[in-house]
1. Give, rounded to the nearest 20 debye, the magnitude of the charge dipole that the protein assembly as shown has about its Cα centre when Lys and Arg contribute +1 at Cβ and Asp and Glu contribute -1 at Cβ.
2. Tell me, what ³J(HN,Hα) does each residue in the range A:120-137 have, in order and in whole Hz, if you take phi through Karplus 6.51 cos²θ - 1.76 cosθ + 1.60 with θ = phi - 60° and put x for Gly and Pro?
3. Using the C-alpha gyration tensor of the range A:1-105, what are the square roots of 5 times its eigenvalues, in whole angstrom, with the largest one first?
4. In the neighborhood of A:ALA226, defined by Cβ-to-Cβ distances under 13 Å, what is the net charge if each Lys or Arg adds +1 and each Asp or Glu adds -1?
5. Take the alpha-carbon positions of the protein assembly as shown, form their convex hull, and give its projected area averaged over all directions (one quarter of the hull surface) in nm².
6. How long are the three semi-axes of the equivalent ellipsoid of the range B:106-160, in whole Å, if each is the root of 5 times an eigenvalue of the C-alpha gyration tensor, listed from largest down?
7. Among all the lysines, which ones have a C-alpha under 29 Å from A:LYS183's C-alpha, if same-chain residues fewer than 8 places away are not counted?
8. With r defined as the distance between the Cβ atoms of B:ALA164 and A:SER214 and R0 fixed at 60 Å, what FRET efficiency is calculated, to the nearest 0.05?
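Values quoted throughout were computed directly from the atomic coordinates according to the rules given, and no laboratory measurement underlies them. Source: prediction; values computed, not measured. Quick reminder, even Gly has a Cβ in these numbers, built from the backbone with ideal geometry, and neighbours come from all protein chains shown.
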Amino acid sequence: MLELKNLYFTVPESEENSGGSRNIIDGINFTFDDGKFYAITGPNGSGKTSLAKLIMGINPVSKGSIIYDGVDISALTITERAGAGIAYSFQQPARFKGITFRDLLMIATGIDDENKILNILKRVGICPLSFLDKEVDAKLSGGEIKKIELATTIAANPKLAIYDEPDTGIDLWTIGPMVSLLKKELAESKATTIVVSHNRSFLEAADIVIIINSGRIAYSGNLEGAMPLLDDLSVCTYRDSCEGDSDAGCYR
Amino acid sequence: MLDAIDKTLLKTVADLEELPKGAYNIRKNGKLLSRHVSANINIETNADETGIIVKIKPGTKNESVHIPVILSQAGLYDVVYNSFIIGDDAEVTIVAGCGIHCGTSDPEGHAGIHEFKVGKKAKVTYVEKHYASGDGKGRRTLNPTTKVFLAEGAQANMELTQIAGVDEANRVNEAVLGPDSLLLITERVLTDGDQTAVSTNNIVLSGSGSRANMISRSVMKGNSKQTFYATMDAQNKCFGHIECDAIIMDNGTNETMPSLKAGHPDAELTHEASIGKIANDQLTKLMSLGLTYDQAVNRIIQGFLK
Ligand SMILES: Nc1ncnc2c1ncn2[C@@H]1O[C@H](COP(=O)(O)OP(=O)(O)O)[C@@H](O)[C@H]1O
Ligand SMILES: [Mg+2]
């Protein structure tokens, strides 16, 4: 169980010398139950990634606390949270020089046995074998690196997995298999699964939909109940000018 | 014949546990220690006895030559002039390397001037590692020079590595590329403490259809300093690329000066250069996979210099 208690992430105001501050995450209280599938959605810049990074320990908690399995983890390092079974799949994954997908899988799992690595690849399905010895560098397409990111997160066998917009840059026909994969993993491992996405397939797959707006939880519940508010917020604010969900090229 | 220090140096610079198979020439403290030639590869001392001439017969396939140099004699500065004549259509791997063990406060150094004449359609892979060890305070200097001449359709793949312990390095790489030839240079240099390393590269793309790619990866730890110069001089329809990345750790410093000269309207030249600390997103990614901060740093550097 993951409890967010009166959680804040505050940064200094960008206008110089104003001395003010801005609450990116503005007092969130929420409890994630074990083994459930959550979808987090909300407008661009509403704080979805900031919240995920607070949970992973990449953003420091400004106020409030994060309780995981009954322990306050607010002050733990990223490494310690990873050790406690939390995993985060980045919205914009890091690119390396000289580190391959295989290397990342080995780091995530500690496994270097070829057959076991191949089994992991089979399990995550969405990554072709040819990715294995590819360097995770600037040459990968946006979709390729997102698949690798998702696969390494699954391979780590987390108890709590957060996927930040896993569908960005992914071809439309991979989204279905990606949703099924996360559902299958959840069914088998009972890992709490949190997906940040605007994609209807993820919202429909979720047990609970959470809408974040201006750093606060504006709604949590089933998808049907979320619809009016989603329309209201017209979640993607560039909807008029962009081509739609596939390869929209934006960083929501 | 090989003592324990020799063996570790050989293992590090040439991946050799014992004497290698195939042709080899091992030089220790300025003198020939051991030599072996093969049916296709001849090694002889040059006329003025300042180095060796390695001749590879045309059409030789899948053979290798090892020419490591080891230094463990205080106060010695060893200079060698080696030439490699690679016959047409031959395919060969040359493993060079210099290991210095410095046990005293006297300086030790080595300068290897290596000249390659690569015949038509021949392919050479040249692997060179530089490494110094020992508790002595003596300065360890390595000043390697490579000069490469590629005939029509020839290919050279040069992997140049300076692993650790070298106080001062001044490297010069020169190459002249004939028609349709291909040159790949990958240079990896790690410096620490007060070490300095300068690398100067002059690549002349003289033949039509020639291609060159120069990749440089530098890591500066401690107060060390590295300077990198690379010039691609395009005199014909050709393609050239320089990619130099430097990672600064601690208080290391770096100067990188890629330079492109197009003397022909169909020349295509590009370069990418970056200098900076290890990217934060790389560190957080590896930490989120369970590594500690220090482990993540090491893993990123290891990959970068791989
Ligand atoms: N470390 C930070 N410092 C200052 N501003 C930040 C920081 N992190 C995020 N922000 C800002 O907070 C807002 C929310 O960002 P983010 O969480 O990435 O939104 P979302 O993922 O919902 O699109 C944005 O306006 C962003 O620019
Ligand atoms: Mg985001």
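1. The dipole magnitude comes to about 780 debye.
2. Per residue, the Karplus-derived 3J(HN,Hα) values read 4, 4, 5, 4, 7, x, 6, 9, x, 4, 5, 6, 3, 9, 7, 6, 7, 10 Hz.
3. 24, 21, 14
4. Charge balance near A:ALA226 sits at -4.
5. One quarter of the hull surface, i.e. the mean projection, equals 30.8 nm².
6. 32, 11, 5
7. Once the sequence-local lysines are set aside, what remains near A:LYS183 is A:LYS5, A:LYS36, A:LYS48, A:LYS53, A:LYS116, A:LYS122, A:LYS134, A:LYS146, A:LYS147, A:LYS159, B:LYS285.
8. After rounding, the FRET efficiency stands at 0.70.
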